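**Student:** First the structure, which I've put down as structure tokens, then a few questions once you've had a look.
The values are calculated or read from the model by the stated rules, or taken from the named source; none is laboratory data. This structure is a prediction, so every number in the text was calculated from the model and none was measured. Cβ sites come from the backbone with ideal geometry, for glycine too, and all protein chains shown count toward neighbours.
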Amino acid sequence: GQQVMQIPQYQHVQEGEDFTTYCNSSTTLSNIQWYKQRPGGHPVFLIQLVKSGEVKKQKRLTFQFGEAKKNSSLHITATQTTDVGTYFCAPSNDYKLSFGAGTTVTVRA
Amino acid sequence: EAQVTQNPRYLITVTGKKLTVTCSQNMNHEYMSWYRQDPGLGLRQIYYSMNVEVTDKGDVPEGYKVSRKEKRNFPLILESPSPNQTSLYFCASSLLGAGGGDEQFFGPGTRLTVL
């Protein structure tokens, strides 16, 4: 599948602070999805990005797709304890979905 | 309730003893797939199915078999499990296909240990 690199692998955040996780590919992506997996849970779909330069917001979460469609980012503002979990980017191609290794987020209250 | 179910949720077995993990969805989805999740590697696709009787290999198909005789069911078969297949397995389904950008609905996961 398409290889993507997610950085950082771990993110320790003080409650109330902002952070960004990045997803980088060496090839152009058709589209990219983002999923969140809570500890002990299963991945849950957050968003899909399709267009070059696309920006989508979900409350405190902002998702971006790069102009060249080779990278994507997830920015969370005012982190809360409910944001704890692992965030995966997942580019899709044909009928296959490939997941990055994920960014695991912990929050200090 | 729309959902993907997997059974069993936990399984401890021994090397070489055939096992099947069942997956069922009640959303009339065309596309189903299996993933394994290992620390530091994210989720890797094992097999996927675009429709009944249509299956194809994902990124890590070795040691696994699948079948899609009915739309709702997509069992994962390990004919001769080995310790390197110890992992957390997820089944997922979507209305059409992953390539079309469809949201994937995941089951709760099956934690398999092969001794």
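**Student:** Please specify each residue of segment A:68-88 satisfying the condition of being over 14 Å from A:Val44 (Cβ atoms) and within 14 Å of chain B (Cβ to nearest Cβ).
**Tutor:** A:Lys69, A:Ser72, listed by residue number.
**Student:** If you go through segment A:17-39 one residue at a time, do you hit one that is farther than 24 Å from B:Tyr35 by Cβ, surrounded by 14 or more Cβ atoms within 10 Å (Cβ to Cβ) and away from chain B (no Cβ under 13 Å)?
**Tutor:** yes
**Student:** Which of the residues that make up segment A:78-100 are under 16 Å from B:Leu96 (Cα atoms), out of contact with any Ser or Thr (no Cβ under 7 Å at 6 or more places or on another chain) and buried (at least 19 other Cβ atoms within 10 Å of the Cβ)?
**Tutor:** A:Tyr95, A:Lys96, A:Leu97
**Student:** Yes or no: segment B:97-113 includes at least one residue that is within 14 Å of B:Leu43 (Cβ to Cβ), of a type in the set (Val, Ile, Thr) and at pLDDT 95 or above.
**Tutor:** yes
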